[in-house]
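**Q** Have a look at this one.
Coordinate-derived values only; no laboratory data. Predicted model, so just to flag it, every value in this text is computed and none were measured. Counting neighbours? That spans all protein chains shown, and the Cβs are built from the backbone with ideal geometry, glycine included.
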Ligand code: ARG
Ligand code: GLU
């Protein structure tokens, strides 16, 4: 038994960089390298259909949405699809008590009704270019890291300036493979983006945080926008004279749907992965940081959820805070379990031993010396680890309550921003605004917030994270914390308002004497000493440099492997197949969900599972028109083996012919370790079936005019 386990680990590890078939987020410009594999996997189109700078290609239809999501054009008049949770902020901003678009949905029935969204941007990649030589020429490994960074920054600035001179484009250069390669991105930024439609929350967020990160899933997670440009066709700030943008390319939509085994690819903007890190980093993230963050978020979620179950007003009040806290909390749990299940630390250690052997041999043969890289990395992590631990407690725990977060802001006001009256005033305004929400229904909110304050700090105290407090028992600690909470100016509205309205730096001393601010300063001075900062920053810089060498070494070690660069919020292609999976013994997940599942989940007493009456009657009528499947069902979602991460939300999911079949919006919980290690047995992305999306726009919302704008094939 033991022997079998060991051989399994070795089997997985000996081909460490011969990536799993479906793993990888590939650079569109270099997709020729993947073309054969993609076509073998079932793709009918070519790499140049996806990315081409001489002809319109699919890349012209895919955009960065709101700086952190993906969107895609689906009509020649700039109509754009993304997720509901990506458009969420815009929907909220346009919602009022009289027009609650978040709850009831919104549909512009004419162009005039489309709603401007100041500050919202959409970015199209015009072209990209390998600029490694220009950025790195003449730099060698012995150069001091800070000096090297400065030189690179300088070169990047001038390359970018030069590249977009005389155009309306913007340029950016980003490092790949830890700075072994650099690519320049020439982008076009659109500022007039208008909200066109959104389903009600009980469709767009159906299942809420209960179903988040999970399969089977039934969320109608989409929203609709439109990009406008000036009458001469150029990006412009909002103006009523602007006209719909005519994209170089918009996606064709297929109603054929997908089934188990079908080829799909996801084209979008994945944010961050850490595929090549060593066992120390995996252990730090999965076994040190994640458990602390999860435990501290447990506390916050418990109190917020209690409150949310007490009244609709409290539900509304905490909904978006809780969505944010719960999203990371749930993902990290899946990640840590997945890391353990795949024995990731052991596998990494084994790979590192292989690398070390290879490096020794290379050195003996007179080649480049990589033998010090891994030992030095280990040593750098040893320096980083204790400080990282402390800072995790500070950020996730000390700042957890609204009370302590405001203490932090107040302390900022009194120290860093006290040089001019103007700065102080601006920070004071920010705090004033936060006071508004803090003191709203203060009787209720202070109960929740006080409980979070006391419980999180007790957690920190038990963990030995408050050595600066001379307190011996939990009872004493509770008394001490209660006193701070009640005596601080932060819980007295009148005093706070008076302080902030006429704030001048002369009041700093008074602020610093507040008991909550005093506690904040003690904690900060304990954890963020100059020595700790220096140690941390030096260790980080060492890790950055060593990872660059490690990756360069690995690429020499496995010259025949096609390495994908870690995600860095640049446009990527991930490909795979629609596929069910077995998350645990005795359970098998089919790869798609249907409207029937929504009705099975329906529960009028549970907020996340309330079904919109109109959707229920459409289900009862069983007439899905062109959007139904041959078996009479209406498909709602599907899962596939496409390698995705945060930022891929809203990304188009395309079939073998490059037609739109779905919108990516999540990953399966059992596979969230895929930021660090991918395994096609468990890693799945979750997609909204485009037919459910169109069914909702057309039959549910009655916005047929939008569907008519699109190119739809059967
Ligand atoms: N898990 C998805 C993502 O990481 C969706 C998050 C928003 N939805 C939610 N229920 N909190 O963005
Ligand atoms: N919901 C995530 C997003 O906002 C995508 C899920 C993931 O793969 O992390 O991008």
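**Q** May I ask for the Kirkwood hydrodynamic radius of the range 203-302, worked out over all distinct Cα pairs and given in angstroms to one decimal?
**A** On the way: mean 1/r = 0.0513 Å⁻¹.
After inverting the pairwise mean of 1/r, the radius is 19.5 Å.
**Q** Report, in cubic angstrom per residue, the convex hull volume of the C-alpha atoms of the range 544-678.
**A** Details: hull volume 26.2 nm³, N = 135.
Dividing the Cα hull volume of the range 544-678 by its residue count gives 194 Å³.
**Q** How big is the range 29-127 in terms of Cα radius of gyration and Dmax, in angstroms?
**A** 17.7, 55
**Q** Further question: How would you classify the range 262-321 from its alpha-carbon gyration tensor, with a ≥ b ≥ c the square roots of the eigenvalues: rounded for a/c under 1.5, else prolate if a/b is greater than b/c, otherwise oblate? Don't skip to the end; give the middle numbers.
**A** Working: a/c = 3.88, a/b = 1.50, b/c = 2.58.
Judged from the Cα gyration tensor, the range 262-321 comes out oblate (a/c at least 1.5, b/c at or above a/b).
**Q** Once you wrap a convex hull around the alpha carbon atoms of the range 499-546, what is its projected area averaged over all directions, in nm²?
**A** Numbers: hull surface 20.1 nm².
Over all viewing directions, the range 499-546 projects a mean Cα-hull area of 5.0 nm².
**Q** Please pull out the direction-averaged projected area of the chain, using the convex hull of its alpha-carbon atoms, in nm² to one decimal place.
**A** Working: hull surface 138.7 nm².
If you wrap the Cα atoms of the chain in a convex hull and average its projections, you get 34.7 nm².
**Q** For residue 354, put the label point 7 Å out on the Cα→Cβ axis and report which residues of the range 542-585 keep their amide N under 16 Å from it.
**A** 551-564
**Q** Here is a follow-up. What number, rounded to the nearest 500 deg cm²/dmol, is the helix-based mean residue ellipticity at 222 nm of the chain, given -39500 (n - 2.57) per DSSP H run of at least four residues and division by all its residues? If you can, show how the numbers build up before the last one.
**A** On the way: 26 runs with 319 residues, N = 714.
The per-residue figure over the chain is -14000 deg cm²/dmol.
**Q** How much space per residue, in cubic angstrom, does the convex hull of the C-alpha atoms of the range 620-714 take up?
**A** Working: hull volume 12.5 nm³, N = 95.
Here the figure is 132 Å³ per residue.
**Q** Would you mind calculating the relative contact order of the chain from Cα pairs under 8 angstrom and at least 6 residues apart, reporting the percent as a whole number?
**A** Values: 1262 pairs, mean separation 171.1, N = 714.
That works out to 24 percent.
**Q** Calculate, in nm to one decimal, what residue 232 and residue 535 gain on full extension: separation in residues at 0.36 nm each, minus their alpha carbon distance. Could you put the intermediate results ahead of the total?
**A** On the way: separation 303, 0.36 × 303 = 109.08 nm, distance 5.46 nm.
My answer for the length gained is 103.6 nm.
**Q** Ok, one more. Using only the Cα atoms of the range 447-533, build the gyration tensor, take square roots of its eigenvalues as a ≥ b ≥ c, and label the shape rounded, prolate or oblate: rounded if a/c is under 1.5, else prolate if a/b is larger than b/c, else oblate. Can you show the working numbers first?
**A** On the way: a/c = 2.47, a/b = 1.33, b/c = 1.86.
Oblate is the answer for the range 447-533, as a/c is 1.5 or above yet b/c matches or exceeds a/b.
**Q** OK, next. Largest first and in whole Å, what are the equivalent-ellipsoid semi-axes of the range 516-612 based on the Cα gyration tensor, each being the root of 5 times an eigenvalue? List each step's numbers first, then the result.
**A** Working: eigenvalues 386, 221, 32 Å².
Here the semi-axes work out to 44, 33, 13 Å.
**Q** Could you line up 57, 649 from fewest to most neighbouring Cβ atoms inside 10 Å? Mind showing how you got there, number by number?
**A** Numbers: 57 21, 649 26.
Ranked by crowding around the Cβ, least crowded first: 57, 649.
**Q** Can I ask one more? Given labels modelled 7 Å from the Cα in the Cβ direction, how far is it in nm from residue 127 to residue 391?
**A** Modelled inter-label distance: 4.0 nm.
**Q** When Rg is the radius of gyration of the Cα atoms in the range 546-594 and Rh is its Kirkwood radius, what does Rg/Rh come to?
**A** Numbers: Rg = 17.7 Å, Rh = 14.9 Å.
When Rh is taken as the Kirkwood radius, the ratio is 1.19.
**Q** Based on the mean of other Cβ atoms within 10 Å per residue, sort peptides 68-81, 332-345, 619-632, 27-40 so the most packed one is first. Provide the component values of the computation, followed by the final result.
**A** Working: 68-81: 24.0, 332-345: 18.7, 619-632: 13.2, 27-40: 16.2.
Order by mean packing, descending: 68-81, 332-345, 27-40, 619-632.
**Q** Taking square-rooted eigenvalues a ≥ b ≥ c of the alpha carbon gyration tensor, is the range 441-495 rounded, prolate or oblate, where a/c under 1.5 means rounded and, failing that, a/b exceeding b/c means prolate? Mind dumping the intermediate values first?
**A** Numbers: a/c = 2.64, a/b = 1.87, b/c = 1.41.
Cα axes put the range 441-495 in the prolate bin.
**Q** How big is D, in µm² s⁻¹, for the range 306-414 by Stokes-Einstein at 37 °C and 0.692 mPa s if Rh is the Kirkwood radius over C-alpha pairs?
**A** Estimated via Stokes-Einstein, D reaches 175 µm²/s.
**Q** Which ordering of 529, 252 is given by a fewest-first count of other beta-carbon atoms within 10 Å?
**A** So the residues, fewest neighbours to most, are 529, 252.
**Q** Continuing with this model, one more query. Quick one: 448, 164, fewest Cβ neighbours within 10 Å first, how do they rank? Walk me through the intermediate numbers first.
**A** On the way: 448 21, 164 16.
Ordered by Cβ neighbours within 10 Å, fewest first: 164, 448.
**Q** Test of understanding: express the Cα radius of gyration of the range 358-501 as a ratio to 2.2 N^0.38 Å, with N the residue count. Numbers along the way, then the final one.
**A** Values: Rg = 22.9 Å, N = 144, 2.2 N^0.38 = 14.5 Å.
Dividing the Cα Rg of the range 358-501 by 2.2 N^0.38 Å gives 1.58.
**Q** Grab the alpha carbons of the range 312-356, take their convex hull, and tell me the volume per residue in Å³.
**A** Working: hull volume 2.6 nm³, N = 45.
So the per-residue Cα hull volume is 59 Å³.
**Q** Also, I was wondering about something else. In 5 Å bins starting at zero, report the fraction of Cα pairs in the range 420-578 per bin as a rounded %.
**A** Each 5 Å bin holds this share of Cα pairs: 1, 7, 10, 12, 12, 11, 10, 8, 8, 8, 6, 5, 2, 0.
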